[in-house]
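Structure first, then comments.
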Amino acid sequence: MKVAITGAGGQLGSQLVERFGPDAIALDLPEFDMTDRAAFDRLARLGPDVVINTAGHTAVDRAESEPELAYAVNVEGVAALVDVCRQLGAALVQISTDYIFGGDVGRTTPYRETDRPAPLGVYGQTKLEAERLVAACPRHLIVRTSGLFGPAAPRGRGNFVATMLRLAAGEEPIRVVDDQRSTPSYTPHVARAIEFLVRSGCDGIYHVVNRGASSWYELAAELFRLIGNPVELVPIGLDQYAAAARRPGYSVLDTSRYDALPGRWPLPDWHDALVEHIRREGLVIATEPTTTEPRP
Ligand SMILES: NC(=O)c1ccc[n+]([C@@H]2O[C@H](COP(=O)([O-])OP(=O)(O)OC[C@H]3O[C@@H](n4cnc5c(N)ncnc54)[C@H](OP(=O)(O)O)[C@@H]3O)[C@@H](O)[C@H]2O)c1
């Protein structure tokens, strides 16, 4: 199976390249540019059986000030991938996001794959439009995930956990949003689940996140508790967080469709994922990890 992975130098893309090993064809900037038509001709010549699209304009705030570029990468680029996959009879796997939800303010129950999307910003709108294009591809799989963290990637935009560790080196208290709830998800775990879905030939939409839910403040607090760093954290509201894009107050994804698949790899709770990440980064666990309930 030849599996082309776009955005291969990004957070999730790099983990997918590792998972698919010799089957992976890694594609990223500058050679593979989602805004360059010639890139898609080269992709067609490679003749992949599966294309996994992790490439994207993922800077949520910047997308508000450069919507044309976000649209060119996240929508027009995906339209070109759909054309290539149709032509080759290849499966297209599109990585999407919890940010296609959020417009129904006051929501407190996890979103299912069938729930009506209502994005709040340009990034979410472009990702939703991409989903609609991909759904028209004869062989397609849409994987929605959220709050990615994991090993640093060559071109990765960084992630919340890495940012917290960097800020902790400073003197100032760290202000962290406490009224935005989603599921922090560990890229090696998400990549493993995606590999399962692809190799099992699954299609349609699947939500793939670690178990449980958290605010950014709770995640930061658990991180610093685990590594025994007594940094001062100040919980703030989204309204105090100066950002260009509106964000969902609640965007926890329901994973029961994935969980019902026979033979699937069960993603652990995000607390356990965080412990795994800390150990993998070579940091020392100073405090007992929170015990999480065994998965049914
Ligand atoms: N990060 C999250 O928390 C999160 C949550 C839910 C869903 N997702 C989705 O998951 C996917 C992977 O996210 P990620 O965090 O791994 O993203 P990432 O680290 O930002 O990686 C995205 C990759 O795409 C590349 N890229 C940007 N513009 C491109 C273009 N014009 N042509 C080709 N490649 C281009 C980036 O290169 P440069 O860095 O050089 O621009 C980078 O290598 C994305 O589709 C994102 O929408 C992410």
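The values are calculated or read from the model by the stated rules, or taken from the named source; none is laboratory data. Bear in mind the structure is a predicted one, so any value in this text is a computation, not a measurement. Glycine gets a Cβ as well: all are built from the backbone with ideal geometry, and neighbour counts include every protein chain shown. Ligands, DNA and RNA are excluded from the accessible area calculation, which covers all protein heavy atoms including side chains. Shrake-Rupley method; radii C 1.70, N 1.55, O 1.52, S 1.80 Å.
Considering each residue of the stretch 57-85, count those that are near the ligand (Cβ under 8 Å from one of its atoms) and open to solvent by less than 50 Å² (accessible area, probe 1.4 Å), and give that number. Matching residues across the stretch 57-85 total 6. Name every residue in the stretch 257-295 that is hydroxyl-bearing (Ser, Thr, Tyr), closer than 20 Å to residue 207 by Cβ and over 18 Å from the mean Cα position of the chain (by Cα), in order of residue number. Hit for the stretch 257-295 is 292, nothing else. Taking the listed residues 33, 61, 41, 49, the one that is within 21 Å of residue 147 (Cβ to Cβ), modelled with pLDDT of 95 or more and acidic (Asp, Glu) is 61, with no other qualifying. What is the residue count in the stretch 41-56 for residues that are within 14 Å of the ligand (Cβ to nearest atom) and either over 16 Å from residue 197 (Cα atoms) or open to solvent by 60 Å² or more (accessible area, probe 1.4 Å) (or both)? Residues meeting the conditions: 4. Checking each residue in the stretch 1-40 for being on the phi > 0 side of the Ramachandran plot and near the ligand (Cβ under 10 Å from one of its atoms) picks out only 7. Among the residues making up the stretch 169-192, those that are hydrophobic (A, V, I, L, M, F, W, C) and either part of a strand (DSSP E or B) or at pLDDT 95 or above (or both) are 174, 176, 177, 190, 191. Could you say which residue among 203, 239, 178 is in contact with a Phe, Trp or Tyr (Cβ under 9 Å, 6 or more places away or on another chain), more than 16 Å from the ligand (Cβ to nearest atom) and acidic (Asp, Glu)? Result: 178 is the single residue among 203, 239, 178 that is in contact with a Phe, Trp or Tyr (Cβ under 9 Å, 6 or more places away or on another chain), more than 16 Å from the ligand (Cβ to nearest atom) and acidic (Asp, Glu).
Out of curiosity, is residue 25 open to solvent by less than 10 Å² (accessible area, probe 1.4 Å), in contact with a helix residue (DSSP H, G or I) (Cβ under 7 Å, 6 or more places away or on another chain) and of a type outside the set (Lys, Arg)? Against the criterion (open to solvent by less than 10 Å² (accessible area, probe 1.4 Å), in contact with a helix residue (DSSP H, G or I) (Cβ under 7 Å, 6 or more places away or on another chain) and of a type outside the set (Lys, Arg)), residue 25 does not qualify.
Figure legend. Inter-residue proximity from the stretch 31-47: first residues over 17 Å from residue 90 (Cβ atoms), second residues more than 11 Å from the ligand (Cβ to nearest atom) and of a type outside the set (Val, Ile, Thr), beta-carbon distance below 9 Å, spacing 6+ or different chains. Indicated pairs: 31/42. Looking only at residues in the stretch 122-142 that are charged (D, E, K, R) and open to solvent by 60 Å² or more (accessible area, probe 1.4 Å), the one that is nearest to residue 72 (Cα to Cα) is 129. For the stretch 125-160, filtering for residues that are more than 8 Å from the ligand (Cβ to nearest atom) and in contact with a His (Cβ under 9 Å, 6 or more places away or on another chain) leaves 5. Within the stretch 1-8, is there a residue that is over 13 Å from residue 81 (Cβ atoms), open to solvent by 20 Å² or more (accessible area, probe 1.4 Å) and assigned to a loop (DSSP other than H, G, I, E, B)? Yes, that holds for at least one residue.
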